[in-house]
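K.L.:
Below is the structure I would like to discuss, written out as structure tokens.
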Amino acid sequence: MTTNPVPTLTLNNGVEMPALGYGVFQTPPDETVTAVEAALSTGYRHIDTAAAYGNEAGVGEAIRRSGLDRSDVFVESKVWISDYGYDTTLHAFDKSAGKLGVDQIDLFILHQALPSRFDLTIEAYKALETLLADGKVRAIGVSNFMPEHLDRLLAETSVVPAVNQVEVHPYFRQPDVLATDAAHGILTQAWSPIGGITFYRDGEHTSTLQDPTIVGIGEAHGKSPAQVMLRWHLQQGRSAIPKSVTPHRIAENFDVLDFELTDDEIAAVDALDTGQRGGPEPEDITLEAFGREIPEA
Ligand SMILES: NC(=O)c1ccc[n+]([C@@H]2O[C@H](COP(=O)([O-])OP(=O)(O)OC[C@H]3O[C@@H](n4cnc5c(N)ncnc54)[C@H](OP(=O)(O)O)[C@@H]3O)[C@@H](O)[C@H]2O)c1
């Protein structure tokens, strides 16, 4: 266990969030307790889950088993599109909080924009605003919102999202999204921070982990490619939420606080951007194609 404290980022409403978190997308429900317990014992204090991942209950159980105070762990979850709408999104909080076994969620975000039903997206966000006002959540935000989605949201709602969680890794950097987020005081949180979405797509661990530029930078610091990528996010002020169910990788991904990339190294990683998205095109998210029922708690 490292003794290095994880730096925190201050959200636009003053709430402090550990910059480095631990994600559980595609972590099977029956492996989630063990994986999250390993992360918490390594030192992670920020867990990113989602209603759509089907593993919120395991996250909550691991937090309780850890013996840590609830207030010591920053819990983030996401509302799935099938629960968008004012009343249904208020109820989505009850479902997520019930599965997690918590009274309050630290950061609750919309998982996707629904471009063809932006009215529902707005209603869902207004429910998040109510949850925030009621103290049920400490901060609210969005995920996979492109600049045009943010513009529409900001025009019709009152609370600027604290976070926009989007795909960012060396092969897909989304500089326009990063700039839009920054212009509005929205923290960018990188999902697939080491390029995981490209591994799933390619079916094997190629690409970013074997990229000669990233490997070379790692060799210069005695660090792994994953550690270089996580450092690249943190030094550019982003939150990163790497996922692993493998104990030695959980530890490796946390051991990123004792070295610094140079400006040239950061620029070299920036230059690897291919502009090719790994995840689904945000504009194409529809209830018809992606909707599915989220069970009650
Ligand atoms: N908002 C969204 O739409 C969205 C979409 C995707 C992800 N996310 C969030 O972002 C988190 C991270 O994204 P992600 O899971 O797609 O990708 P990721 O964290 O970039 O990569 C995860 C993949 O990399 C492997 N891995 C982890 N650490 C490694 C290391 N040090 N060396 C080699 N391989 C390593 C993992 O394998 P093992 O687990 O087998 O070790 C897994 O296959 C998710 O868990 C989720 O919380 C959000």
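The values are calculated or read from the model by the stated rules, or taken from the named source; none is laboratory data. Please read these numbers as outputs of a predicted model, since none were measured by experiment. Here the Cβ is made from the backbone with ideal geometry for all residues, glycine too, and neighbour counts use every protein chain on show. Each accessible area value is taken on the protein alone, full model and side chains, heavy atoms only, with ligands, DNA and RNA left out. Shrake-Rupley method; radii C 1.70, N 1.55, O 1.52, S 1.80 Å.
K.L.:
So which of 197, 217 is at negative phi, touching a Gly at 6+ places or on another chain (Cβ under 7 Å), of a type in the set (A, V, I, L, M, F, W, C) and open to solvent by 10 Å² or more (accessible area, probe 1.4 Å)?
P.N.:
197
K.L.:
A further question follows. Answer with yes or no whether residue 254 is hydrophobic (A, V, I, L, M, F, W, C), open to solvent by 40 Å² or more (accessible area, probe 1.4 Å) and within 15 Å of the ligand (Cβ to nearest atom).
P.N.:
no
K.L.:
Return the only residue of 239, 224 being near the ligand (Cβ under 7 Å from one of its atoms) and crowded, with 18+ Cβ neighbours inside 10 Å.
P.N.:
224
K.L.:
Here's a follow-up. Kindly provide the set of residues from segment 110-120 that are more than 19 Å from the chain's Cα centre (by Cα) and in contact (Cβ under 8 Å) with a residue 24 or more places away in the chain, ordered by number.
P.N.:
Within segment 110-120, 115, 116, 117, 118, 120 qualify.
K.L.:
It is to be established whether one or more residues within segment 90-109 are without any contact (Cβ under 8 Å) to a residue 40 or more places away in the chain and either among the acidic types (Asp, Glu) or in contact with a Cys (Cβ under 7 Å, 6 or more places away or on another chain) (or both).
P.N.:
Yes.
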